[in-house]
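Participant: This structure is in structure tokens; I'll ask about it shortly.
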Amino acid sequence: MAKQRSRYVCRECGHESLAWSGQCPGCSEWNTLEEVVVTATTAAAAGRSPRRRAAAAPRSVPLRDVEAPAEERLATGIGELDRVLGGGLVPGSLVLLGGSPGIGKSTITAMALGNLAAAGRTVLYVTGEESAAQVRMRAERLGDSALAVPALAETDLGAVVAAIEAERPAVCVVDSVQTLHSGELSSAPGSVAQVREAANGLMEVGKRNGTALILVGHVTKEGAVAGPRVLEHLVDCVLLFEGERERSYRTLRALKNRFGATSELGVFEMREAGLVEVEDPSARFVGEATAAAGSVVLCAMEGTRPLLVEVQALVAPTDVVPPRRVATGIDRNRLAMILAVLSRHGGVAVGNADVFVNVAGGVRIDEPGADLPVALAIASAARGAAVKEATAAFGEIGLTGRLRAATQAERRLEECAKFGLRQVVAPAGTPSGKLSMLEAETLGRAIRAGLDVDGSEGR
Ligand SMILES: Nc1ncnc2c1ncn2[C@@H]1O[C@H](COP(=O)(O)OP(=O)(O)OP(=O)(O)O)[C@@H](O)[C@H]1O
Ligand SMILES: [Mg+2]
């Protein structure tokens, strides 16, 4: 007879324990353990019984004898999405697409399926969140090809798996994985156990039929894809769709990709007719840049592509203790480090001031080359002196106040020259291009070189 046991699985990190506790032993989060009922027969059926394992010992095969069909990637017809995926969808792969509410996850997946259908691929759109009628309303905005996509409004995992088995689509979107539930589990949809069961079930049917699956997932307030992190381990590719809802720019990046680089960035703009690719984001962002104090053009490398964006800083005196440090588009800890180096080695003390840093356009830059421009923007704001005209910056800041060369300097310089910038503040030793270089060994010197004043603080 099937014996029932309870396990407690952490919603955040997937840690399993036999007893409930308020704090997860795995990730130290509070109140994240959820009960999961496991029947002894399911464990045995899953091959966990030692006797069964011994009886059917599988043979290993040398890799050169493994059959690997030359796989053709499936182009979604959205250039930026294909690039982030590493050249299109891999047949049979499992992609997790996360993003905050209303950012455009359903829109981009519906557009991709429409393009694939128009290219003669079989596709399926499973909607658990919206009714088929609501999906149709969106598709009407997106055009004819999106209207040709077959949709299934279903939240039962078994039914979705059966539909994929029957239709064997080349690409299937499940919007969202958190709405699916399996009748075999007692927990509510969206719980760790349900999300994991759904992902496992879908992965299995996807691999069996060669169906590439895109699972849409919500993200938590902290920006992680909601549900257990186990899901991120399970899938081949994790894409994150970001941006500020009130701004029209959206960025898409891969956090994990088994079939390509993770540093690629896709930039989109949300319009009435759907998401439009911004093929030349540097032109947009530089065009929108202001020449006031506190503004610096940053030249970042996003994967293989250089990107020019404006960094803005505001330094305002305050009586609040501790003063506020608000970072939008860059990491908060990185900002704390830059502020510490600025006060210790750059002669810019902001201990009694609130500091706000914002990367314009809603883009997030996760690259050490952004250190110097951020520091320059703060120094410029603190001194009330604008950065020299038509000047960009890039470079990493070390804890000693020395600057370190950033990667792919030539590509960055080419991009700066292309968009009419005339000079660049960069670490000493950066190969020079067509532009005039304001090279500096230390942060203090870079500030002196970059700002439009005579300063004596640099060391
Ligand atoms: N007519 C329109 N013109 C321009 N933009 C629109 C229009 N209708 C909707 N949008 C944009 O589309 C967004 C919603 O897109 P979508 O439904 O794809 O988001 P989602 O990420 O799937 O959201 P959810 O998490 O709720 O499923 C809205 O936030 C809005 O910015
Ligand atoms: Mg949606």
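The values are calculated or read from the model by the stated rules, or taken from the named source; none is laboratory data. Quick caveat, the model's predicted, so the values are computed rather than measured. A quick note on method: Cβ atoms are made from the backbone with ideal geometry, for glycine too, and the neighbour counts reach across all protein chains shown. Quick note on the areas: whole protein, heavy atoms, side chains included, nothing else; ligands and nucleic acids left out. Shrake-Rupley method; radii C 1.70, N 1.55, O 1.52, S 1.80 Å.
Participant: With labels modelled as points extended 7 Å from the Cα through the Cβ direction, what inter-label distance (nm, one decimal) is found for residue 261 paired with residue 316?
Facilitator: 3.9 nm
Participant: What's the local net charge at residue 89, with K and R +1, D and E -1, over the other residues with C-beta under 9 Å away?
Facilitator: Local net charge: 0.
Participant: Work out Dmax and Rg for segment 259-415 from the C-alpha atoms and quote the Rg first, both in angstrom.
Facilitator: Cα radius of gyration and Dmax of segment 259-415 are 15.9, 51 Å respectively.
Participant: Related question: Could you pull out every Cys in the chain that lacks a partner Cys with its beta carbon under 4.7 Å away?
Facilitator: Among the cysteines of the chain, those whose Cβ sits 4.7 Å or more from every other are 172, 237, 299, 416.
Participant: Listed highest first by mean packing, meaning other Cβ atoms within 10 Å per residue, what order do 74-83, 330-339, 365-374 come in?
Facilitator: Ranking, from highest mean packing down: 365-374, 74-83, 330-339.
Participant: Further, regarding this structure: Between residue 144 and residue 184, what length in nm is gained on full extension when 0.36 nm per residue of separation is reduced by their alpha carbon distance?
Facilitator: Length difference between fully extended and current span is 10.5 nm.
Participant: Right, another one. P(r) for segment 101-201: what percent of alpha-carbon pairs falls in each 10 Å bin, starting at zero?
Facilitator: Spelled out per bin, shortest first, that is 16, 46, 31, 7, 0.
Participant: For the chain, how many pairs of lysine residues have a Cα-Cα distance under 21 Å, where the two are 8 or more positions apart or belong to different chains?
Facilitator: 7
Participant: Here is a further query. Tell me the net charge near residue 194. Cut-off is 13 Å between Cβ atoms, residue 194 excluded, with +1 for each Lys or Arg and -1 for each Asp or Glu.
Facilitator: In short, -3.
Participant: Considering only protein heavy atoms, what is the solvent-accessible area of residue 236 at a probe of 1.4 Å, reported in Å² to the nearest 10?
Facilitator: So the heavy atoms of residue 236 present about 10 Å² to solvent.
Participant: Then there is this: Which value results when the Cα radius of gyration for the chain is divided by 2.2 N^0.38 Å?
Facilitator: It is 1.13.
Participant: Here is a follow-up. Mind putting a number on the dipole of segment 211-358 about its Cα centre? Charges go on the C-beta only, +1 for Lys and Arg and -1 for Asp and Glu, and I need it in Debye to the nearest 20.
Facilitator: Its charge dipole is roughly 480 debye.
Participant: How high is the FRET efficiency between residue 7 and residue 167 when r is their beta carbon distance and R₀ equals 30 Å, given to the nearest 0.05?
Facilitator: For R0 = 30 Å, the calculated efficiency reads 0.30.
Participant: Can you figure out the FRET efficiency of residue 332 with residue 37, using R₀ = 30 Å and their beta-carbon distance, to the nearest 0.05?
Facilitator: 0.15
Participant: Could you work out how much longer the chain between residue 343 and residue 56 gets when fully extended? Use 0.36 nm per residue separation minus the Cα distance between them, nm to one decimal.
Facilitator: Answer, rounded to one decimal: 96.7 nm.
Participant: With every protein chain present, what accessible area does residue 436 have (1.4 Å probe, heavy atoms only), rounded to the nearest 10 Å²?
Facilitator: 60 Å²
Participant: Determine the gain in length on full extension of the stretch residue 410-residue 354; use 0.36 nm per residue of separation and subtract their C-alpha separation, reporting nm with one decimal.
Facilitator: Working it through step by step, the gained length comes to 16.6 nm.
Participant: Indicate, rounded to the nearest 5 percent, the antiparallel portion of the DSSP beta bridges found entirely in the chain.
Facilitator: 55 percent
Participant: Follow-up. For segment 136-185, what are Rg and Dmax over the alpha carbons, in angstrom?
Facilitator: Computed over the Cα atoms of segment 136-185, radius of gyration and Dmax are 12.7, 40 Å.
Participant: Let me ask something additional. Given the protein chains as shown and a 1.4 Å probe, how many square angstrom of residue 356 are accessible, to the nearest 10?
Facilitator: Ignoring ligands and nucleic acids, residue 356 comes out at about 70 Å².
Participant: Any chance you could give the angle, 0 to 90 degrees and rounded to 10, that helix 157-167 forms with the longest Cα principal axis of the chain?
Facilitator: 90 degrees
Participant: Also: Please list 176, 248 in order of solvent-accessible area, largest first, computed with a 1.4 Å probe with all protein chains present.
Facilitator: Ranked from most to least accessible, the order is 248, 176.
Participant: Could you give P(r) for segment 165-211, binned at 5 Å from zero, as whole percent values over all Cα-Cα pairs?
Facilitator: 5, 23, 28, 21, 15, 8, 0
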